[in-house]
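See below for the structure under consideration.
The values are calculated or read from the model by the stated rules, or taken from the named source; none is laboratory data. Predicted model only: the values in this text are computed from it and were never measured. Neighbour counts run over all protein chains shown; Cβ positions are idealised from the backbone, glycine included.
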Amino acid sequence: MPTRRQFLHLTGSGLAVSIGSALLSGCCSGDHCSSAHPADMSPPGNQPRTPLRLPKNYSGAGLSAEATVHEWTSGRSSNVLTLGGSYPAPTIRVRKGELFSVQFTNKLAEDTNIHWHGLVTPADMDGHPKDPVKPGASFTYRFAVRQRPGTYFYHPHAHEATGKQVYLGMAGFYLVEDDEERALGLPSGEFDVPLLIQDRRLLGGPSLAFEPTMADMMEGFLGDTLVVNGVPDPQLDVAAGLYRLRLLNGSNARILKLAFAGMLPFAVIGTDGGLLDKPVSTTSIWLGPAERVEILVDFSTVGTGQSVMLQSVAFTAPSGGHGGGHGGAMAGGIAQGTALDVLRFDVRRAGAAGRVPERLLPLEQLDPAQAQRTRAFTLAMNMQAGATRGMHTINGKTFDMQRVDAQIAFGATEIWELRSMDEGSIHPMHLHGVQFQVLSRSGGPLTPSDQGWKDTVLVFPMETVRVIARFNDYRGLYLLHCHTLEHEDDGMMLNLQIG
Ligand code: C2O
Ligand code: CU
Ligand code: CU
């Protein structure tokens, strides 16, 4: 009889196999069926789906937080909040080493700001909730781009309102490029596709209301519809060639386990902190809220005239006895762990053959023997807390703007143990001010999304995840928090003082 911990791990990372076999049944046996089989695909245009749109590019003229109307599909619109006037917010492209600066204006009636997620910036540029931009006010964010080439993003970090503002539309891509990366000859232009994946509650009517119940605060605010780049149930016409897909889970709480129908293999080339040193080939990948992964996928193996669906496959989500039912409230949306279609790729034309490079970019491996100290952060539920706030704790505490919870020596290398004592939730834990590397998971081996430099890592129920970081970028006040935004806004966040 497996222990609960083993069980959760098995259901967590072992499920790709059973899902895979289910999808493959009747066509191939075993997991060596490497190319998608036509039986798993519908011919293009079989079911109507909406053409994917790409986020617009940032013009360079500054960004405003403003209310506008977003058209999901023709005739279906909602009032949204945006950064830069569009949902998703415009894609910002910068070069490593560049001095980036943007004038930000808050045209909303509430406090907001911008956090540059995954970028290591001076503390006063990081969008800490102690640094709101007031309604009508402006602030210039300015920092040197030190990050490795890769996929980052930006979103507000307003005190106790991050979940609401992100849900209502405020998030966009921030892509870092450089010459070394360009020299790799990765797919570019139309073959380099940013995909912001989110879930929203769109079935109840045009209003994108964000009114979490007690149960939504527990489970996180889950939607009933997956949207990609602000388009529900999308499809994308592609060529039968190699594509670079930049996948960002911008959901408040939805955990994705991405795989192509038919278990089409793909190569993971990047995670949160940019490109890996070499591609990792796989058929499915976890993507928790705020995590990014870049993959290379070759649609020539699908065949012209065929389609392949990118899905989030089913997994056993925890239900530790504090899900629906508290205060009579049921969590809305589709249950965590349910299989969902994300984006259908319709292969319409011949494409250029691409090549997956054998090597990507050099990647320093931090050495645990160099760590000066080990710190533990315990993630737990406090059911004694007030009816609506303070239920999600780290080291028994909820967020206090004025309190410093961990003092870290500048330049120190530390091992952090993220210890879940919570049977009821998977927590995507995020660190500001630094990128880290994942050393181990008590629940099983590291997964492809644990590779490389990370800023967000999934901690499964009752699991301990060990990470290592070197705090030598900037001094100042940063954050550790859960990126299930309802947990964050509930106070599952601590202040870290570096230096
Ligand atoms: Cu993407 Cu502190 O957040
Ligand atoms: Cu962040
Ligand atoms: Cu959490």
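Cβ-Cβ distance below 6 Å, separation of 6 or more or different chains: which pairs start in segment 181-201 with a residue that is assigned to a loop (DSSP other than H, G, I, E, B) and end on one that is modelled with pLDDT of 95 or more?
From segment 181-201, the pairs are 184/357; 186/244; 187/242; 187/243; 187/244; 201/223; 201/224.
Is it the case that some residue within segment 270-288 is modelled with pLDDT of 95 or more, assigned to a loop (DSSP other than H, G, I, E, B) and acidic (Asp, Glu)?
Taking every residue of segment 270-288 in turn, at least one turns out to be modelled with pLDDT of 95 or more, assigned to a loop (DSSP other than H, G, I, E, B) and acidic (Asp, Glu).
Under the condition of being in contact (Cβ under 8 Å) with a residue 60 or more places away in the chain and not hydroxyl-bearing (Ser, Thr, Tyr), which residue from segment 413-429 is farthest from ligand 1 (Cβ to nearest atom)?
My answer is 423.
Could you give me the residue pairs with C-beta distances under 8 Å whose first residue belongs to segment 289-304 and is at negative phi, whose second residue is acidic (Asp, Glu) and within 16 Å of ligand 1 (Cβ to nearest atom) wherever it lies, and which are 6+ apart or on separate chains?
291/272; 292/272
Suppose we filter segment 470-497 for residues that are within 15 Å of ligand 1 (Cβ to nearest atom) and either under 22 Å from residue 364 (Cα atoms) or not in a strand (DSSP E or B) (or both); how many remain?
Residues flagged as within 15 Å of ligand 1 (Cβ to nearest atom) and either under 22 Å from residue 364 (Cα atoms) or not in a strand (DSSP E or B) (or both) within segment 470-497 amount to 10.
Kindly check whether there is at least one residue in segment 224-243 that is part of a loop (DSSP other than H, G, I, E, B), over 22 Å from residue 115 (Cα atoms) and in contact with a Lys or Arg (Cβ under 7 Å, 6 or more places away or on another chain).
yes
Looking only at segment 103-132, which residues are under 27 Å from residue 471 (Cα atoms) and of a type in the set (Val, Ile, Thr)?
Matches in segment 103-132: 114, 120, 121.
If the requirement is being under 24 Å from the mean Cα position of the chain (by Cα) and over 22 Å from residue 271 (Cβ atoms), which of these qualifies: 107, 134, 96, 130?
One residue alone meets the criteria, 130.
Of everything in segment 381-396 that's away from ligand 1 (no atom under 16 Å from the Cβ) and crowded, with 17+ Cβ neighbours inside 10 Å, which residue is modelled with the highest pLDDT?
393
For segment 413-429, which residues satisfy the criterion of being crowded, with 16+ Cβ neighbours inside 10 Å and either part of a loop (DSSP other than H, G, I, E, B) or more than 10 Å from ligand 3 (Cβ to nearest atom) (or both)?
Matches in segment 413-429: 413, 414, 415, 416, 417, 418, 419, 422, 423, 424, 425, 426.
Taking the condition out of contact with any strand residue (DSSP E or B) (no Cβ under 7 Å at 6 or more places or on another chain) and not aromatic (Phe, Trp, Tyr), does residue 455 pass?
no
Is it true that residue 271 is touching a residue at least 12 places away in the same chain (Cβ under 8 Å), closer than 22 Å to residue 481 by Cα and of a type in the set (Ser, Thr, Tyr)?
Yes, satisfied.
Could you check how many residues of segment 106-139 are in contact (Cβ under 8 Å) with a residue 60 or more places away in the chain and of a type in the set (D, E, K, R)?
Selection size over segment 106-139: 3.
I need the full set of residues from segment 295-313 which are of a type outside the set (Val, Ile, Thr) and assigned to a loop (DSSP other than H, G, I, E, B), in order please.
303, 305, 306
Criterion first (touching a strand residue (DSSP E or B) at 6+ places or on another chain (Cβ under 8 Å) and away from ligand 2 (no atom under 16 Å from the Cβ)) does residue 347 satisfy it?
yes
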